[in-house]
Amino acid sequence: MGVTGLPHFVTETESVWDVLQRETRPIALYGMGDGAEKILRVCRQRGIAVAGIFASDEFVRGHSFAGYEVKKRSQLERELGDFVALIAFASSRPEVLALFDDLDRTHTTYAPDVPVADGALFDGAFARAHRAQLEQAYDLMADDRSRAVFAATVNFKLSGKLRWLRDYTDSRETAFRDYLRPHAREHFVDLGAYNGDTIRELLAHTGGAYASITALEPDRKTFRKLSAYVERAGLDNVRLLNAGAWSEPGEMRFGGKAGRNSALTPVMHAVSHDRRTVSVPVESVDHVLDGAPCTLLKLDVEGAEYQALLGARETIARCRPRIALSAYHRSEDLYELPLLLRALCPQVRIGMLHHPYVPAWETNFYVNFPESLEKTV
């Protein structure tokens, strides 16, 4: 541990929020929506003044957001001169990532990390408080690239500097080649199946062959799209459940903004008057499979990964599947998920990759066991 009290692999000694509190230049947000709301909230809490909001030219229509007139970048540059830009929305589209890089070349630019799901902000205080767990998780990474990605992720979350993502990005193809290695006999369990995008990706790597597919998706509208895809594709031996993934069967509240901003909440903790939340059934992998095989397991469940892993603990011990596990919904996921995996099965090998995305979304743990990789050869 250095004098900063941060994990030994951290080189960014100041949080982006601390830097912004000292900033004397105007600060402007790039983007609108849930991410911008969260960043504005933290700025207000920390006394950071925001001078304006801008959007890509095609999204500027004379409207306002959070009390600010939404302007074009060129307009704010004329009005504010040299301003600090905060990227306040997420994207994986190459043309948008190119816009981020251009902004980073011409302005001091940050992409402040705010949790996708509810939870603690990943700032300096968080990193210091959880230094031991973060170092333990870092030590669990199975190879040099994974340790480098883990360190870069922590440095990015602290600093908001794009270079930590830009310099440590790997294609999704790398994950399939080096970790997942899908084959024609997969028993695939897809938690957070969305509209079938990962199923399509899997089948593209196996020539359309598989043994069985079990897919859970809690959002009703998205589940209809998933069902329609499976029907159109004529897929057999597929089991679809309109349910969330959890540690045990039951009922939860599922809110309210579809996609990455949705989350499962215990019924007793849900806000009853929030019309954006609905009751949904939840299931555990162990209960759904009931002894059936699983060779490949994906978990992208909007912050419920820890509980979903607990609900798959018997399946993981019995089948030792290769696992793709989202690592970016909650600040705590970076250390809680690897430590839980090791507790569930000490022989586990954990890799980590970041795929093209700003902020650090699509940062995933890739989990396997020596014998599970041998079976794919």
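The values are calculated or read from the model by the stated rules, or taken from the named source; none is laboratory data. Since this is a predicted model, take the numbers as computed values, not measurements. No Cβ is skipped: glycine too gets one built from the backbone with ideal geometry, and neighbour counts run over all protein chains shown. The protein model used for the area step is the full one, side chains on, heavy atoms only, and it has no ligands, DNA or RNA in it. Shrake-Rupley method; radii C 1.70, N 1.55, O 1.52, S 1.80 Å.
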> Under a 5 Å amide H to amide H cut-off, with H placed in plane at 1.01 Å, what residues pair with Glu332 once short-range neighbours are removed?
Replying inline: Ala120
> With contacts defined as alpha carbon pairs under 8 Å and 6 or more residues apart, what's the relative contact order of segment 83-143 in percent?
Replying inline: 29
>> As I understand it, the value is the acute angle between the Cα axis of helix 131-140 and the longest principal axis of the Cα atoms of the chain; what does it come to in degrees, rounded to 10?
In response: 50
> How many times 2.2 N^0.38 Å is the alpha carbon radius of gyration of segment 146-247?
Replying inline: 1.32
> Could you give me the ³J(HN,Hα) list for segment 239-251, computed from phi with Karplus coefficients 6.51, -1.76, 1.60 and θ = phi - 60°, whole Hz, x at Gly and Pro?
Replying inline: 10, 10, 10, 7, 7, x, 9, 8, 7, 7, x, x, 9
> Using the eigenvalues of the Cα gyration tensor, what equivalent ellipsoid semi-axes result for segment 29-145 when each is taken as the square root of five times the eigenvalue, whole Å, largest first?
Replying inline: 31, 18, 13
> Percent relative contact order of segment 117-266, based on C-alpha pairs within less than 8 angstrom and at least six residues apart?
Replying inline: 17
> Which percent of Cα pairs goes in each bin when the distances of segment 297-357 are cut into 10 angstrom slices starting at zero?
Replying inline: 21, 61, 17, 1
>> Explain nothing, just the number: dipole magnitude of the chain about its Cα centre with +1 on each Lys and Arg Cβ and -1 on each Asp and Glu Cβ, in debye rounded to the nearest 20.
In response: 400
>> Checking the a/c ratio against 1.5 first, then a/b against b/c, what shape does the Cα gyration tensor give for segment 159-218?
In response: oblate
>> Helix 144-159 against the longest principal axis of the chain: what's the angle in degrees, Cα atoms only, rounded to the nearest 10?
In response: 40
> By how many degrees, 0 to 90 and rounded to 10, does the Cα axis of helix 94-106 deviate from the longest principal axis of the chain?
Replying inline: 30
> With every protein chain present, what accessible area does Met32 have (1.4 Å probe, heavy atoms only), rounded to the nearest 10 Å²?
Replying inline: 60
> With the radius of gyration and the Kirkwood radius both derived from the Cα set of the chain, what is their ratio Rg to Rh?
Replying inline: 0.98
> Each residue of segment 330-347 in order: what ³J(HN,Hα) in whole Hz does its phi give by Karplus 6.51 cos²θ - 1.76 cosθ + 1.60, θ = phi - 60°, with x for Gly and Pro?
Replying inline: 10, 4, 5, 4, 4, 10, 5, 5, x, 5, 5, 4, 5, 5, 5, 7, x, 7
>> Name the residue from Leu140, Ala85, Trp246 whose Cα lies farthest towards the positive end of the charge dipole of the chain, charges +1 on Cβ of Lys and Arg and -1 on Cβ of Asp and Glu.
In response: Ala85
> Hey, what number do you get for the chain at 222 nm if only DSSP H runs of n ≥ 4 count, each worth -39500 (n - 2.57), divided across all residues, to the nearest 500?
Replying inline: -10500 deg cm²/dmol
